[in-house]
1. Take ALA451 and decide whether it is assigned to a loop (DSSP other than H, G, I, E, B), under 27 Å from ASP374 (Cβ atoms), touching a residue at least 40 places away in the same chain (Cβ under 8 Å) and touching a strand residue (DSSP E or B) at 6+ places or on another chain (Cβ under 9 Å).
2. Pick from the range 87-100 the residues that are under 21 Å from the mean Cα position of the chain (by Cα) and not in a loop (DSSP other than H, G, I, E, B): which of them is surrounded by the fewest Cβ atoms within 10 Å (Cβ to Cβ)?
3. Given (1) assigned to a helix (DSSP H, G or I); (2) at pLDDT 95 or above, where does ALA231 come up short, assuming only one miss?
4. If I ask for residues that are among the acidic types (Asp, Glu) and closer than 21 Å to GLN316 by Cβ, which ones from the range 148-192 would you list?
5. Of the residues that make up the range 352-367, is at least one surrounded by 17 or more Cβ atoms within 10 Å (Cβ to Cβ), of a type outside the set (Phe, Trp, Tyr) and farther than 24 Å from THR272 by Cβ?
6. Looking for something in a strand (DSSP E or B), surrounded by fewer than 20 Cβ atoms within 10 Å (Cβ to Cβ), hydrophobic (A, V, I, L, M, F, W, C) and out of contact with any helix residue (DSSP H, G or I) (no Cβ under 8 Å at 6 or more places or on another chain) - is there at least one such residue anywhere in the range 101-121?
7. I need the full set of residues from the range 297-345 which are open to solvent by less than 10 Å² (accessible area, probe 1.4 Å), of a type in the set (A, V, I, L, M) and under 17 Å from ALA358 (Cβ atoms), in order please.
8. Against the condition surrounded by 21 or more Cβ atoms within 10 Å (Cβ to Cβ), more than 20 Å from the chain's Cα centre (by Cα), closer than 28 Å to GLN107 by Cα and of a type in the set (Gly, Ala, Ser), how does GLY476 come out, does it pass?
Amino acid sequence: MTILQTRRRFLASAASVAALGGLSTLLPAVTPGAARPAWAAAPLRLAVERRVLEVMGKPASVFGIRQPDGTAGLVLDPGQRFLVDLANRAGEDTVIHWHGMTPPYAQDGVADANRPLIRDGASQGYDFEPRPGTHWMHSHHGLQEQRLMAAPLIVRTAEDRRADAQEVTVLLHDFTFKDPAEVLAGLIGGGMNHGGGHGIGHGGHGSGHGGAMPMMDHSNMKGMGGMTMAAMDLNDVEYDAYLANDRTLDDPEVVRVERGGRVRLRLINGATSTAFHIDLGALDGTVVAADGNPVQPVTGRRFGMVMGQRLDILVQLPAGGGAFPILAQREGERQRTGIILATPGAAVGRTAGLAAAAAGPVDLSLERRLTALDPLSQRPVEAAFTIRLSGGMAPYVWTIDDRPFGEHRPLTVRKGQRVSVTMVNESPMAHPMHLHGQHFQVTALNGTALAGAVRDTVLVPMNGSATIAFDADNPGRWPLHCHNLLHMATGMMTELVCEQTI
């Protein structure tokens, strides 16, 4: 069998539903929710369920992860355990990943030989010590995340409670009325629609070509209008809408805030395959945390965020008050979404869903400025790996070291080792790389050393590289994958295997 045939077989299974299953056995069979004594605190209740969301005046059937009172996701108080009973009322099997948490292996929210899916109608219990910060929860099964099976997961600290700042959480999404399986099938099948709308696209409006055209190797070709095709390879899909807390700028969420007050924006990029530029408009912002971990303050009005990442940004509102859009503009394009901060009595005007000009790509400019407040200790690296991010658009297969998941070579380490992983991007698109079970420090970008942020998701740009380091303190088989869901579903995932002993 040829490599291409093997990849095609993998793609067929990925497009169905099982792209994320099948991790090989490491630990004995386990039950995610350990038994609790009768006197223990009552668990919080969450349900994965279907809901109808109106987008641009049209109803859409999507998922939600909600508490009994309808609140999306969770906010935990300082010192509160992650003690949760999750009911699956979605009408299909699922599993929910607690993105940003570092729980025991059995409770991470990825299905494999030891950790079954949550069957429709069943419930699953979780009980672990949560990690403070701005995090989120989302499906890690098939393409359910694209249908908005996601919600915020905020773990507040004592410092947060003492701070004189109003907290505002914003969860960003890209949205399509199409079945996500149809979207992925269009990419795999080799057709792309350059005419805009919600068809399969390749990053550009106004290309002048309607209908379908074959996929090509774009790496060294000129695109329409003199634009390089590489420059157009920022977005795989033309979405119908971009959402901030489930709403477009046609009807944005308006958050009432105090004149002269401080606001802590907890921003979550929950999009399937869209990076955003955060635009604070007239407000100056200070980034104080990345992926839930405190950083040295970085000021500005525009900040890049790739899929899976979170930023906490403090803004000071003027004493005179007013209405202040907080916008997220899609990289490479004019489309944007966002919310409005408005003081009492302020007139809230309409904010256009298209910016005046297209945004450039999200790059490493912010990453280079971030420095962890609680960095790794100084110690030698005991296990070092280099992996290549590979694959491309034709065929639509994204891989690591030219191997799709299922044919991958795990990175095996021993518990307690200092580990470094250098990710070299040889593919024609950028990739936000996410590691489960560990938070890492960014220690080099494009070969230049730095003492960067502690994160769980880092951008590896096209023709670039990123090096991360961490202490392997959490035994298990931990996925390391691109957080572009379509890239992960077609193969860009491997595992970090952290064993008690080797």
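The values are calculated or read from the model by the stated rules, or taken from the named source; none is laboratory data. This is a predicted model, so every value here is computed, not measured. All Cβ positions, glycine included, derive from the backbone under ideal geometry; neighbour counts span all protein chains shown. The protein model used for the area step is the full one, side chains on, heavy atoms only, and it has no ligands, DNA or RNA in it. Shrake-Rupley method; radii C 1.70, N 1.55, O 1.52, S 1.80 Å.
1. On the way: assigned to a loop (DSSP other than H, G, I, E, B): yes; under 27 Å from ASP374 (Cβ atoms): yes; touching a residue at least 40 places away in the same chain (Cβ under 8 Å): yes; touching a strand residue (DSSP E or B) at 6+ places or on another chain (Cβ under 9 Å): yes.
Yes: the conditions hold for ALA451.
2. HIS97
3. Against the list (1) assigned to a helix (DSSP H, G or I); (2) at pLDDT 95 or above, ALA231 comes up short only on (2).
4. Filtering the range 148-192 for residues among the acidic types (Asp, Glu) gives 159-160, 164, 167, 174, 179, 182.
Once the filter is applied, which keeps residues that are among the acidic types (Asp, Glu) and closer than 21 Å to GLN316 by Cβ, the range 148-192 yields GLU159, ASP160, ASP164, GLU167.
5. no
6. Among the residues of the range 101-121, not one is in a strand (DSSP E or B), surrounded by fewer than 20 Cβ atoms within 10 Å (Cβ to Cβ), hydrophobic (A, V, I, L, M, F, W, C) and out of contact with any helix residue (DSSP H, G or I) (no Cβ under 8 Å at 6 or more places or on another chain), which makes the answer no.
7. If the condition is that a residue be open to solvent by less than 10 Å² (accessible area, probe 1.4 Å), of a type in the set (A, V, I, L, M) and under 17 Å from ALA358 (Cβ atoms), then ALA328 is the only one that fits.
8. For GLY476, the condition - surrounded by 21 or more Cβ atoms within 10 Å (Cβ to Cβ), more than 20 Å from the chain's Cα centre (by Cα), closer than 28 Å to GLN107 by Cα and of a type in the set (Gly, Ala, Ser) - is met.
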